[in-house]
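The values are calculated or read from the model by the stated rules, or taken from the named source; none is laboratory data. All values reported here derive from a predicted model rather than from experimental measurement. Because the Cβ atoms are built from the backbone with ideal geometry, glycine has one as well, and the counts that use them run over all protein chains shown. With ligands, DNA and RNA removed, areas are computed over all heavy atoms of the protein, side chains included. Shrake-Rupley method; radii C 1.70, N 1.55, O 1.52, S 1.80 Å.
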Amino acid sequence: MQQDQSIHCVVVGAGVIGAAIAYELQKRGSQVTLVDADAKGRSASYGNMASIAVTEFMPVSRPSVWRQTPGWVLHPEGPIRVSPSYAPYLIPWFARFFWAGRPSKLRQLEAQGAALCHRSLADTEQLMDELGLSDDLSSTGCLSLYASEAEFAADRERLDMLDRHGFGYDVLDRDALHDLEPEIAEVIQKAVLLPDNRTVRDPYAIVTRLTEAFVGQGGQVQHCMVTGFERAERITGVTLEDGQTLKADQVVLAAGAYTGRLSKQLGEPIPLETERGYHTQINAPGISLDHSIIWPAMAFMVSPTAGGIRVGGTVEMAGLDAAPDWRRSKITVKRARKALPNLRLEETSEWMGHRPAFPDTVPVMSASAKVPGVFYATGHGHLGLTYAATTAKLMGQLITGETPEIDLHPYRVDRF
């Protein structure tokens, strides 16, 4: 459905989710302004692990994780770090986290993630083709690594989930793995090839190209912080730090982990937290990889992207304002070198970004329950790039009055 050009929509957040929605709405006939305090895509969309990770929709909260969480949190190099000073603020979020993972609820959450992931690769391929970036998406998959049969058995929960939802994979022995990636250490005895998990050449290039295509269709970009909203019976405008007010018939809040601060101003608080993620970009690694790799027992990922190799992983819960703790990026590099012993650390840089996380691991894609004309697209967690094209398509349908291709009721903003 083509929307009337007289309808002005403001999309807040110029990461990959916001930029994709702005592009989709402009294409559908809206007049759209994209607003972000930062340069386009320099937040989580800049430093993600460059993966279209269609198999990684397992809810984080589940009994097997509950049992391990105390040990992870207490270990100084564990996969989860909770800042002691921020921990009191996390109590309500963790209460919802544990409630979300009760066994009677888990299958529903799986299905909600699977519904998005089943279409995310095809939607991404379509979007990349529109942007002239088809060659920037790999044809190889991701390898999940195991140093022992015990590690493989511990990951059986995830593989069983993939079986339930029809996602394919191949189990490889040591020789087959070596044929695919000879740089992987002998300590790795088994792997699972996830063929539909793809890697992009440079995630930042996607956001840049989306914004260029959006502007090329007549869209506008404002680099300024949103400080408030104007509304009567419905939303009427967005106020900016520089004193401007952008008149708006519709507003889409897609500001990642910062969306919660904006929703509070509209009287609609949401349980959104930041899972701070770190990466180390190595542009002279001394090795090459054709596949991205993950080692579930070691909680890290390695992707060939951005002109080199990127190492990332783990979760830090410390809020939006704390300074980065660069020890987190060094932990993942140390672990990566166990899998890749010839990896050199030359021409490196470190980065930290905010993954927006809801307690149930399911994003919000929804009209506001309180303010007509406001829409939310946030909480995509570790799957922002994976879900971006699908989110844009579904939100475009919702905002322009079409019936979305999947039922968005489970992703509503007032489900908590």
Which one of PHE94, PHE57, PHE375 has the biggest mean-square fluctuation once the chain is modelled by GNM with Cα springs under 10 Å?
PHE94
Can you tell me which of ALA367, ALA377, ALA115 moves the most in a GNM of the chain? Springs connect C-alpha atoms under 10 Å apart.
ALA115
Rg and Dmax of region 157-205, Cα atoms, in Å?
13.5, 36
If one takes the longest principal axis of the Cα atoms in the chain, at what angle in degrees, from 0 to 90 and to the nearest 10, does the Cα axis of helix 327-339 lie?
40
With T = 20 °C, eta = 1.002 mPa s and Kirkwood Rh from C-alpha pairs, the Stokes-Einstein D of region 277-416 in µm²/s is about 124
What residue among THR361, THR199, THR236 has the largest mean-square fluctuation in a Gaussian network model of the chain, using Cα springs under 10 Å?
THR236
At 1.4 Å probe size, with every protein chain present, just tell me what the per residue accessible area of region 139-189 comes to in Å².
48
Taking the Cα atoms only, what angle lies between the long axis of helix 87-100 and the longest principal axis of the chain, rounded to 10 degrees?
80
How big is the Cα convex hull of region 226-289 in projection, averaged over all directions, in nm²?
7.6
Rounded to 10°, Cα long-axis angle of helix 103-130 versus longest principal axis of the chain
80
With +1 assigned to the C-beta of every Lys and Arg and -1 to the C-beta of every Asp and Glu, and no other charges, what is the dipole magnitude of region 122-161 about the Cα centre in debye, to the nearest 20?
200
How far is the Cα center of region 202-267 from the Cα center of region 358-414, in Å?
16
If every Lys and Arg gets +1 and every Asp and Glu gets -1 at its Cβ, then about the Cα centre region 88-169 yields a dipole, in debye to the nearest 20, of 740
For the pair TYR89 and ASP179, the simple spin-label estimate (label points 7 Å beyond Cα toward Cβ) gives in nm 5.2
When ranked by the protection proxy of mean other Cβ atoms within 10 Å per residue, highest first, what sequence do the peptides 164-175, 181-192 form?
181-192, 164-175
Compute the whole-percent fraction of alpha carbon pairs in region 128-255 spaced more than 19 Å apart.
68
Taking the Cα centre of region 41-109 as origin, work out the dipole magnitude from +1 charges on Lys and Arg Cβ and -1 charges on Asp and Glu Cβ, in debye rounded to 20.
280
Give the lysines whose C-alpha is closer than 22 Å to that of LYS338, dropping any in the same chain fewer than 8 places away, or say none.
LYS190, LYS330
Here are several values of Cα extents along the principal axes in Å: [x] 87, 75, 46; [y] 64, 45, 40; [z] 101, 38, 36. Which one was derived from the coordinates shown?
[y]
For region 367-416, go through all pairs of different Cα atoms, get the mean of 1/r, take its inverse, and jot down that Kirkwood value in Å.
11.6
For region 243-360, count all C-alpha to C-alpha pairs, find those more than 26 Å apart, and express that count as a whole percent of the total.
36
